[in-house]
């Protein structure tokens with residue numbers, strides 16, 4: 001590990017100033033992703049600004065009737081919070097599906113959002129990777145790509161976003177509150193992450209020195225009827241092959257409203273807007289869910305190693321929506 005300096009931020013504005021004014025600086029919260037990458041030699045910050053003790057660890061109802069989640073709230077605490085479990089069950093389920101119990105007690109809300117989109121080649125310094133070294137090439141495209149993206153890919157990168165929590169937040173239309181050198185702003189989660197394009201080394205649309213303060217959940221009434229399902233190779237500590245977060249509002253057998261997001265299939269949490277549009281106003285039946293899933297996945301560009309993800313994603317969407325429809329019948 002290369003030497004670095006460490007400082008504990010006294011308040012959010014102090015943290016922002018320290019990182020914004022030093023290109024080699026990085027925020028440190030739980031450290032479950034950053035410290036691993038420092039050990040591997042992937043990340044080499046020369047200054048760590050510790051934000052873990054800032055007063056950003058509360059979960060509270062917002063004035064608009066939604067919920068505000070502080071950036072420093074631990075994943076385990078967020079998953080267990082009664083307000084989250086009853087009003088946004090998909091979020092609680094997604095958190096419990098992520099990592100391991102030990103890591104969830106350390107990882108923070110902001111840190112979870114900021115973990116790097118990556119694949120095994122990114123973490124192997126002996127292989128070319130455009131995300132790690134722009135212009136080096138993508139080893140996964142011609143290599144082992146079973147776990148890789150089928151939607152929103154580019155010739156530069158086919159890695160998938162690792163977060164379970166972010167998939168649920170995408171489906172539930174959360175926004176991220178950030179503080180930067182120019183002040184505070186709110187970023188819808190749909191605009192928070194970037195597809196790889198020709199700049200796969202850029203994971204988010206945050207500016208230099210911008211610090212996450214909170215995540216805001218909207219007062220979405222039918223979010224109480226939401227669920228998260230994760231398909232993976234083993235029961236714990238595994239990234240999703242495919243995951244689905246969905247919320248469904250069924251009235252008189254028809255879909256009044258719906259939200260669907262996918263994980264494990266793209267460089268970002270993938271909001272299934274085409275499927276949602278097809279479903280609204282139509283019958284809440286497995287056949288309708290299947291047709292909507294097929295429409296969403298028509299844009300998929302799988303490689304031979306991960307073509308199985310297309311039917312797997314379709315079936316998972318249908319299963320989650322069918323189960324939710326039965327709950328509201």
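Readers should treat all values here as calculations from the given coordinates under stated rules, not as data from a laboratory. Treat the numbers as computed from the prediction; the structure is a model and nothing was measured. Here the Cβ positions follow ideal geometry from the backbone for every residue, glycine too, while neighbour counts run over all protein chains shown.
Numbers for the structure displayed
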{"read-out": "Over segment 94-171: Rg over Rh, Cα atoms, Kirkwood Rh", "value": "1.01"}
{"read-out": "Fraction in percent of alpha-carbon pairs per bin - 5 Å, segment 13-75", "value": "4, 16, 20, 19, 17, 12, 7, 4, 1"}
{"read-out": "Gyration tensor (alpha-carbon) shape descriptor, segment 188-244, a/c threshold 1.5", "value": "oblate"}
{"read-out": "D_trans [Stokes-Einstein, Kirkwood Rh over alpha-carbon pairs] for the chain, 37 °C, 0.692 mPa s, µm² s⁻¹", "value": "162"}
{"read-out": "Highest to lowest packing among 27-35, 150-158, scored as the average C-beta count within 10 Å", "value": "150-158, 27-35"}
{"read-out": "Spacing of the two label points (7 Å from each Cα toward its C-beta) at residue 7 and residue 144, in nm", "value": "4.2"}
{"read-out": "Gain on full stretching of the segment that runs from residue 315 to residue 17 - 0.36 nm per residue minus C-alpha separation", "value": "102.5 nm"}
{"read-out": "Sequence-separation-based contact order of the chain, relative, with Cα cut under 8 Å and 6+ spacing, percent", "value": "18"}
{"read-out": "Segment 167-309: C-alpha gyration tensor shape, a/c 1.5 cut-off, then a/b vs b/c", "value": "oblate"}
{"read-out": "Compactness of segment 47-123 - radius of gyration and Dmax, Cα, Å", "value": "13.8, 45"}
{"read-out": "Length released on extending from residue 277 to residue 290, taking residue separation times 0.36 nm less the Cα-Cα span", "value": "3.3 nm"}
{"read-out": "Approximate spin-label separation residue 35-residue 322, in nm, with each point projected 7 Å along Cα-to-Cβ", "value": "4.4"}
{"read-out": "Helix 286-297 axis, angle to the chain major axis (alpha carbon atoms, nearest 10°)", "value": "40"}
{"read-out": "Full-stretch length increase - residue 61, residue 257 - with 0.36 nm per residue and alpha-carbon distance subtracted", "value": "68.2 nm"}
{"read-out": "Relative contact order, percent, segment 215-277 [alpha-carbon distance under 8 Å, six or more residues apart]", "value": "24"}
